[in-house]
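Read-outs: derived from the displayed coordinates by stated rules, not from any lab. Please read these numbers as outputs of a predicted model, since none were measured by experiment. Note that each Cβ is placed from the backbone with ideal geometry, even for glycine, and that neighbours are counted across all protein chains shown.
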Amino acid sequence: MTTIRISNRLRFASRRGAALLLAIFVMTLVSTLAVATLDAEMMRYMALRNTREWDEARYLAEAGLNDAFAHLEDDISWRDGIPATEYPQGSGWIYRVSVADGGDATVELTSTGTVGNFTRTLHVRVKQGG
């Protein structure tokens with residue numbers, strides 16, 4: 001009877017180490033999955049922010065063109081351009097428009113919108129008169 005007790009005790013002692021190794025393996029696996037998920041979400045967030053700022057810079061350049069069109073409608077000889085203008089106020093978003101005479105009764109407008117690290121430029125040639 002003494003012999004059986006010793007062998008059972010040895011068998012349980014060897015299993016305790018296996019349980020510890022299994023617990024460490026599961027914790028490592030769960031930690032790796034959590035870090036990979038957080039990394040993927042951060043990359044997705046950065047891509048979304050970059051896409052948004054890229055689009056906003058274009059919209060701001062279009063706003064500059066619309067501002068220039070309004071000036072041209074008021075005065076057909078207007079060629080001053082629009083200096084750096086923050087729109088909306090306090091946002092840090094800036095557009096500017098340069099105006100030049102083109103050939104064949106046209107006006108060339110170049111509008112640049114800047115949002116964050118992105119700058120978009122639009123070139124338009126407008127025919128004046130009929």
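With the gyration tensor restricted to C-alpha atoms of the chain, the semi-axes of the equivalent ellipsoid amount to 74, 12, 8 Å, longest first.
Among 93-106, 29-42, 59-72, the peptide with the highest mean count of other Cβ atoms within 10 Å heads the list, and the full ranking is 59-72, 93-106, 29-42. Contact order for segment 77-126, expressed relative to its length and based on alpha carbon pairs under 8 Å spaced 6+ residues apart, stands at 27 percent. Near residue 62, once Lys and Arg are set to +1 and Asp and Glu to -1 for all other residues with Cβ below 11 Å from its Cβ, the sum equals -1. Each peptide among 108-119, 44-55 gets the average number of other Cβ atoms lying within 10 Å of its residues, and from highest to lowest they stand as 108-119, 44-55. Based on Cα contacts under 8 Å between residues 6+ apart, the chain shows a relative contact order of 21 percent. Here the chain is treated with +1 on each Lys and Arg Cβ and -1 on each Asp and Glu Cβ, and its dipole about the Cα centre works out to around 2160 debye. Once the chain from residue 53 to residue 22 is taken as fully extended at 0.36 nm per residue, the excess over their C-alpha distance is 6.5 nm. Which one of 48, 66, 121 is farthest out on the positive end of the charge dipole of the chain, using unit charges on Cβ (Lys, Arg +1; Asp, Glu -1) and the Cα centre as origin? Highest projection toward the positive end goes to 48. Here's the picture: charge each Lys and Arg Cβ at +1 and each Asp and Glu Cβ at -1 in the chain, and of 91, 29, 57 the one pushed furthest to the positive end of that dipole is 29.
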